[in-house]
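Asks: Input: one structure, supplied below.
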Amino acid sequence: MKGTIVKCLEELVVRQFGQETWQQSLENAGLPKFSIFLPMADVDDSQAVKVVEALCKNLNISLEEAADVFGDYWVNVYARKLYPHFYAKNKTARDFLLDMDNVHVEMTRTITDAKPPRFHYEWKDDNTLIMHYKSHRGMVDFLVGLTKGVGHFYKEDLQVVKLGPDRIQIVFT
């Protein structure tokens, strides 16, 4: 994955839990405590997963809780600084989420070696979207957290449920 994901995680952890928590988690993940992650650099997926697992253990939270906190931070703080044009062109959570596959296609064209997840959409009814997640990373819990973050950004109450390792259900209320 791209270093920007881990860089965001670092920023979040340092701001909310302190530098020591971040450094301890890096060490627990088998990395040097002063590791530097550059946004456009490639980070081995397994290293990133080990850091998340170490953070969960150090903070005594579940993966789902970590994914929710990360998702909210990514959507409402970090990505807003990097990709303001994606936020400006969408007026609702529904529009934003339906644009995510296009965003990832665009990212793949502009960022060398980017391998973001891809999404396919299936409407169950007028207000219920099944979002299919295609990625070798298996990080659907983070999609749940990111989707909740999108709802928070647009001040919409989304009901988000993980249906399996490759899909979530979103009810727009």
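The values are calculated or read from the model by the stated rules, or taken from the named source; none is laboratory data. Not measured: the values here are computed from a predicted model. Reconstructed Cβ throughout: ideal geometry from the backbone, glycine too, with neighbour counts over all protein chains shown.
Asks: Looking at region 19-29, is at least one residue among the hydrophobic types (A, V, I, L, M, F, W, C), closer than 23 Å to S135 by Cβ, modelled with pLDDT of 95 or more and in a loop (DSSP other than H, G, I, E, B)? Explain how you work it out, then say what you get.
Replies: The first filter runs over region 19-29 and keeps only residues among the hydrophobic types (A, V, I, L, M, F, W, C), leaving 22, 26, 29.
Those left that are additionally closer than 23 Å to S135 by Cβ: 29.
Now drop any that are not modelled with pLDDT of 95 or more, which leaves 29.
Checking the rest, the ones that are also in a loop (DSSP other than H, G, I, E, B) come to 29.
Looking for residues that are among the hydrophobic types (A, V, I, L, M, F, W, C), closer than 23 Å to S135 by Cβ, modelled with pLDDT of 95 or more and in a loop (DSSP other than H, G, I, E, B), one finds at least one in region 19-29, hence yes.
Asks: Only one residue in D157, D166 is over 16 Å from G71 (Cβ atoms), at pLDDT 95 or above and not aliphatic (A, V, I, L, M), so which one is that?
Replies: D166
Asks: Please determine, by comparing only the residues of region 147-161 that are without any contact (Cβ under 8 Å) to a residue 60 or more places away in the chain and surrounded by fewer than 18 Cβ atoms within 10 Å (Cβ to Cβ), which one is nearest to F96 (Cα to Cα). Please lay out each step first, then the result.
Replies: Filtering region 147-161 down to residues without any contact (Cβ under 8 Å) to a residue 60 or more places away in the chain leaves 151, 155, 157, 159-161.
When the remaining residues are screened for being surrounded by fewer than 18 Cβ atoms within 10 Å (Cβ to Cβ), the result is 155, 157, 159, 161.
Numbers: K155: 13, D157: 14, Q159: 16, V161: 18 Å.
Top of the filtered list is K155.
Asks: Which is loosely packed, with under 15 Cβ neighbours inside 10 Å, within 28 Å of Q169 (Cα to Cα) and among the charged types (D, E, K, R), of E64, E53? Break it down into steps so the answer makes sense when it comes.
Replies: Values: E53 fails: loosely packed, with under 15 Cβ neighbours inside 10 Å.
Within the list E64, E53, the selection yields E64.
Asks: L82 versus (1) in contact (Cβ under 8 Å) with a residue 12 or more places away in the chain; (2) surrounded by 15 or more Cβ atoms within 10 Å (Cβ to Cβ): which is the lone unmet condition?
Replies: Answer for L82: the failing condition is (2).
Asks: Buried (at least 19 other Cβ atoms within 10 Å of the Cβ), assigned to a loop (DSSP other than H, G, I, E, B) and under 16 Å from the mean Cα position of the chain (by Cα): which single residue out of P116, P39 fits that description? Step through it out loud before you land on a result.
Replies: Values: P39 fails: buried (at least 19 other Cβ atoms within 10 Å of the Cβ).
Being buried (at least 19 other Cβ atoms within 10 Å of the Cβ), assigned to a loop (DSSP other than H, G, I, E, B) and under 16 Å from the mean Cα position of the chain (by Cα) holds for just one of P116, P39, which is P116.
Asks: Only one residue in V103, V77 is over 19 Å from D45 (Cβ atoms), part of a helix (DSSP H, G or I), at pLDDT 95 or above and not assigned by TED's automatic domain parsing to the domain that holds E11. Which one? Give the derivation first.
Replies: Details: V103 fails: at pLDDT 95 or above.
None of the others qualify; the one that does is V77.
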